[in-house]
Each structure stands twice: as structure tokens, then as C-alpha cells.
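Before any comments, here is the structure.
The values are calculated or read from the model by the stated rules, or taken from the named source; none is laboratory data. Values in this document were obtained by computation on a predicted structure and should not be read as measured data. Here Cβ is always computed from backbone atoms with ideal geometry, including for glycine, and neighbour counts include all displayed protein chains. We work out accessible area using only protein heavy atoms, side chains counted, and drop any ligands, DNA or RNA first. Shrake-Rupley method; radii C 1.70, N 1.55, O 1.52, S 1.80 Å.
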Amino acid sequence: MQTSSILAPATGLGYSFHPTILREYDIRGVVGETLGEEDARALGRAFGTVLRRRGGRSVAVAYDGRLSSQALEQALVDGLAAAGVDVMRIGLGPTPMLYFAAYTQGVDGGIMVTGSHNPPDYNGFKLVIDKKPFYGDDITALGRMAAAGDFESGAGTVTQRSLQAAYIARLVQDYTGGRPLRVAWDAGNGAAGDALTALARDLPGDHILLNEKIDGTFPAHHPDPTVPENLVQLQETVRSRGCDFGIAFDGDGDRLGIVDGQGRILWGDQIMVLLARDVLSRNPGATVIADVKASQVLFDEIAKAGGRPLMWKTGHALIKSKMAEEGAALAGEMSAHIFFADGYYGYDDALYGAVRLINIIANGTESLAEFRDSLPAVLNTPEIRVTCAEERKAPIVAEVTARLISEGTEYNDIDGLRVDSADGWWLVRASNTQNALVVRCESQDQDGLDRLKQTVARHLAASGLENPF
């Protein structure tokens, strides 16, 4: 373990971030255009100031495998230390390893340098204070603090510590055995690669690793498992090698993608049904949270399994906060951020979710393909993003709301608008991460789905948008 000390420069003039990078859940921009090392340094100074004024003193920092991440991490550490905060640098790895540090190493906060699943020229930061997500108004406040130059100064120490072995040991701790499986894993050349390699060595069974070398150019495919074309290589491997199933990860290892033994994709809400049944078998009556984009099948199956289904807003920070508020045992999103409080810490960890999935199949009598076939059959659209100017997103949702009220149509406005009807349900909501509206429809049959799509298209047309279907 290496330790050094960085003395703070005197507080100078304020610093202005590009207005597009301070987002609802994290900080994110295009490197060299809207985000650079000076932003990272100013962020460290501002976050360190907030931490100190809340009574904290120490922060863990990690970074993903993007080409820009190491330089951004160095500048971030410099800014944190200049604010008088002690920094534990845990190096290259997935976001959940940073969360693991924040929960187990006695630090007061954590920052992950990551572009998540975004294109290679993007990067950003995910923030934690006191084991809770730091988001929304708190992120906005960092911008005001930096603009005012309202920074604490000090001489924080900087410590290097490797946590990968301890992190992997914690993941393996919850493996309970069962029949050995053949599993294909696709790290997508993302930050989970090294941890995945170590995890696979420690798990029984036959493990086939794809794209496990961390490479910020993502040479095989883009690391976003919610996009079907990014799963083609995994699907082909599962079929050709006779695997029980395949598991893919996003760029920073906090979301997963699953394909069954026939190479068919299971989406986030389908994965959640399997996990919820398992959790509820040990925690009858427990609350299970899913976001507004999830299938009605998930909410119905949670209730059938004896749980309390709760629909909530989309967004990993919002879900984590609601999970803590409700004391929920499990939560998840369509994007396959999955959060375990049952036996774990309550944050989204795709490697841990993979271990839990392996446990269920290895100890059960049903293959993953058989489970998929057992789910109630519904037809739904994917999550469709309709390009929309930032300043029009909220007004369009308000316009649709006004039309629903005038028509006497009931709706759920937890996050955008989710409308139930005899045909099923449809959703329109403003994306918190892009200049887009998110739409989705689900029905029992094709005629019903077509009618739902026509309804959504009618509302969007009335607000000046084209038919997205």
C-alpha cells in the first residue's frame, strides 16, 4: 500500500462545467468537447468540499477501461486531495467494486470514473456519499459551488489499495453449489473483464469467456447488453458450445444481459421474475421494486409469489433510494440494473446478479429456457427512444397529460405517463439521460398492441412528433 500527500492550491476563481454534463444520476460528457481533466479536478474539489461539510473525510476512487479514464481519475484525485479529503485509489475495475469499497472500507464516499455503456468518446462519474447515491439536486449544487469557487482547502492523503481479491471473495461467498453448469460470459472488453476472469476461476462448472480483455476501444462490439446486436456473439457461442446460458455485461459491470440455452434473450423484467421468486421464497411478503418500463407480467408474478410489487421511477439512483426507503429485498429495471438487499448491500452489481442466477438454475429442476417458456405470453415493443429537443420533453408529457384528462382517461404519473387499458398498457416518459422521449407498449395480442401503438402515435403527432413505430 502506497501513501502520498497532496497540498492544496489556494482557492481561486470559480469554475464552470459545460451545462450538459451535470445530469440526474451522474456526470457525463464527451471527452475533449464537454468533459476533460480540468472538469475532473473541479469535480473532486467540489465533491470533497461537500463531503467535508457533511462531516466526512475519506473517499474511494476507481476507474473503468476507457482510454480517457486513467487521466480523469488522476485529476479527480488531485482535486479531492486539494479539498482536504483522504483518497483510497482502488484502480481499474467495475463500478460495483467501487460500491463494494464504499460499503466495506470505512470511507465516507466514493467516485467511479466511467462512461458506462456510452460510446468510447464519452466518460463521466458516478457518486456515492455515506453509502447512498449522490444525484439530482446534489449534482446541480456541485455546479453552483464550482462556479462560485466555494471550495474547502487542505492536504488530503492518497492511498493505493487493491480490492479485487476481497471483492471476488465476497461474490463467491454466496455461491451455494448445485449441479455444474456450462456458462458463456461476455465482458464486452469492459471494466468487468479482470474481475470476471477471477470470478470464473473460483466458480465450479465450465466457463467460456469472451472479450474479457479490458480495451477501451471495444473492438468486438459496443458494451450495452440491452441492444440485441451486441449479444449476437454470445448467442452464437451459447448455441455452438452447448451452454446452459450466457451472461453479458455493460461497460462498467453494473448491468447484465442474459441469453438462454437456445440463445434467446431474456430482458431485465424477465430476469427479475426468476430472481424475485427466489428472494420471496425466503422473504415472504417482501417488497420488490421495478421501474415503470417493466412488463405487467413482472408485477403480477411478484404478487403471485407472495411479494409486494412496487412500481417506481426509472434510474439507478432513484431506485436505490426508494429501495432503502421501503426496506425492499430486491429491485430492478428494464435496463437490467438489479439491486439485491437480500443477502447483499442493495446496490446494482451485475457480477453478483450472475452468481445469484447461477445458484437458482444450478439448484433447480428447470433450465433457463424452460423458465422463459413458462412465463405468460405477452407482446410488447422494445424501449423506443424518440428524439426530442431537451426543452420540449417536459412540455410534451404535460400536453399528453392534458389530453388524457380531457378524455377522462386514468393514468399513472410516477415517472412520465403509464396508461392501462383493456388492450394492455402504454408509456411515455422523458429520458433523464438523453434528448428523447421513451415509449413502450404491451398487450396480450397483436391487435391490442397495434391499437396501443396507434394511441401513442396519435398523442405524439398532436405534439408535433412523428410516429416512432
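For region 449-468, state whether one or more residues are open to solvent by 40 Å² or more (accessible area, probe 1.4 Å), of a type in the set (D, E, K, R) and in contact with a Phe, Trp or Tyr (Cβ under 6 Å, 6 or more places away or on another chain).
Yes, some residue in region 449-468 is open to solvent by 40 Å² or more (accessible area, probe 1.4 Å), of a type in the set (D, E, K, R) and in contact with a Phe, Trp or Tyr (Cβ under 6 Å, 6 or more places away or on another chain).
Which condition does Lys313 not pass, out of (1) under 17 Å from the mean Cα position of the chain (by Cα); (2) closer than 30 Å to Ala220 by Cβ; (3) of a type in the set (D, E, K, R); (4) surrounded by fewer than 23 Cβ atoms within 10 Å (Cβ to Cβ), if it passes all the others?
Single failed check for Lys313: (2).
Which ones in region 447-465 are among the hydroxyl-bearing types (Ser, Thr, Tyr) and either farther than 16 Å from Arg429 by Cβ or part of a helix (DSSP H, G or I) (or both)?
Within region 447-465, Thr455 is the sole residue that qualifies.
Mind listing whichever residues of region 340-375 are in contact (Cβ under 8 Å) with a residue 40 or more places away in the chain, over 21 Å from the mean Cα position of the chain (by Cα), within 28 Å of Val292 (Cβ to Cβ) and open to solvent by 60 Å² or more (accessible area, probe 1.4 Å)?
Arg372
I'm checking my understanding of the structure. Among residues of region 412-430 that are farther than 18 Å from Gly315 by Cβ and of a type in the set (A, V, I, L, M, F, W, C), which one is most open to solvent (accessible area, probe 1.4 Å)?
Ala422
At pLDDT 95 or above, among the hydrophobic types (A, V, I, L, M, F, W, C) and exposed (fewer than 15 other Cβ atoms within 10 Å of the Cβ), is that true of Leu7?
no
Name every residue in region 290-312 that is touching a residue at least 24 places away in the same chain (Cβ under 8 Å), aliphatic (A, V, I, L, M) and assigned to a strand (DSSP E or B), in order of residue number.
Passing the criteria: Ala290, Met311.
For region 174-189, indicate whether the set of residues that are modelled with pLDDT of 95 or more, among the small types (Gly, Ala, Ser), surrounded by 15 or more Cβ atoms within 10 Å (Cβ to Cβ) and within 18 Å of His337 (Cα to Cα) is non-empty.
Yes: region 174-189 contains one or more residues that are modelled with pLDDT of 95 or more, among the small types (Gly, Ala, Ser), surrounded by 15 or more Cβ atoms within 10 Å (Cβ to Cβ) and within 18 Å of His337 (Cα to Cα).
Just checking, does region 10-20 include any residue being hydrophobic (A, V, I, L, M, F, W, C), under 25 Å from the mean Cα position of the chain (by Cα) and surrounded by 24 or more Cβ atoms within 10 Å (Cβ to Cβ)?
no
Out of all the residues in region 202-229, which are open to solvent by 40 Å² or more (accessible area, probe 1.4 Å), of a type in the set (D, E, K, R) and over 13 Å from Arg182 (Cα atoms)?
Selection gives Asp202, Glu212, Lys213, Asp215, Glu229.
Quick grid of which residues meet (1) open to solvent by 10 Å² or more (accessible area, probe 1.4 Å); (2) in contact (Cβ under 8 Å) with a residue 60 or more places away in the chain:
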| position | (1), (2) |
| --- | --- |
| Arg28 | yes, yes |
| Ala46 | no, yes |
| Arg54 | yes, yes |
| Ala71 | yes, no |
| Leu80 | no, yes |
| Met88 | yes, yes |
| Gly93 | no, yes |
| Gly115 | no, yes |
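Please go through region 177-203 and pick out each residue that is over 22 Å from Arg239 (Cα atoms) and hydrophobic (A, V, I, L, M, F, W, C).
Selection gives Ala191, Ala192, Ala195, Ala198, Leu199.
Restricting attention to region 260-267, does a residue exist that is buried (at least 24 other Cβ atoms within 10 Å of the Cβ) and in contact (Cβ under 8 Å) with a residue 12 or more places away in the chain?
Checked region 260-267: no residue is buried (at least 24 other Cβ atoms within 10 Å of the Cβ) and in contact (Cβ under 8 Å) with a residue 12 or more places away in the chain.
Output the residues belonging to region 151-171 that are among the charged types (D, E, K, R) and either part of a helix (DSSP H, G or I) or under 21 Å from Asp26 (Cα atoms) (or both).
Correct list: Arg170 only.
With respect to Ile214, determine if the residue is in contact (Cβ under 8 Å) with a residue 12 or more places away in the chain, touching an Asp or Glu at 6+ places or on another chain (Cβ under 7 Å) and β-branched (Val, Ile, Thr).
For Ile214, the condition - in contact (Cβ under 8 Å) with a residue 12 or more places away in the chain, touching an Asp or Glu at 6+ places or on another chain (Cβ under 7 Å) and β-branched (Val, Ile, Thr) - is met.
Filter region 117-144 down to the residues that are surrounded by fewer than 21 Cβ atoms within 10 Å (Cβ to Cβ) and closer than 17 Å to Ile319 by Cα and list them by number.
Ile129, Asp130, Lys131, Lys132, Gly136, Asp137, Asp138 - these are the residues of region 117-144 that are surrounded by fewer than 21 Cβ atoms within 10 Å (Cβ to Cβ) and closer than 17 Å to Ile319 by Cα.
From Thr409, Thr433, Thr401, Thr381, which residue is more than 28 Å from Pro228 (Cβ to Cβ), open to solvent by less than 40 Å² (accessible area, probe 1.4 Å) and of a type outside the set (Phe, Trp, Tyr)?
Thr401
So how many residues does region 391-443 have that are farther than 30 Å from Gly124 by Cα and either modelled with pLDDT under 95 or of a type in the set (A, V, I, L, M, F, W, C) (or both)?
Residues meeting the conditions: 10.
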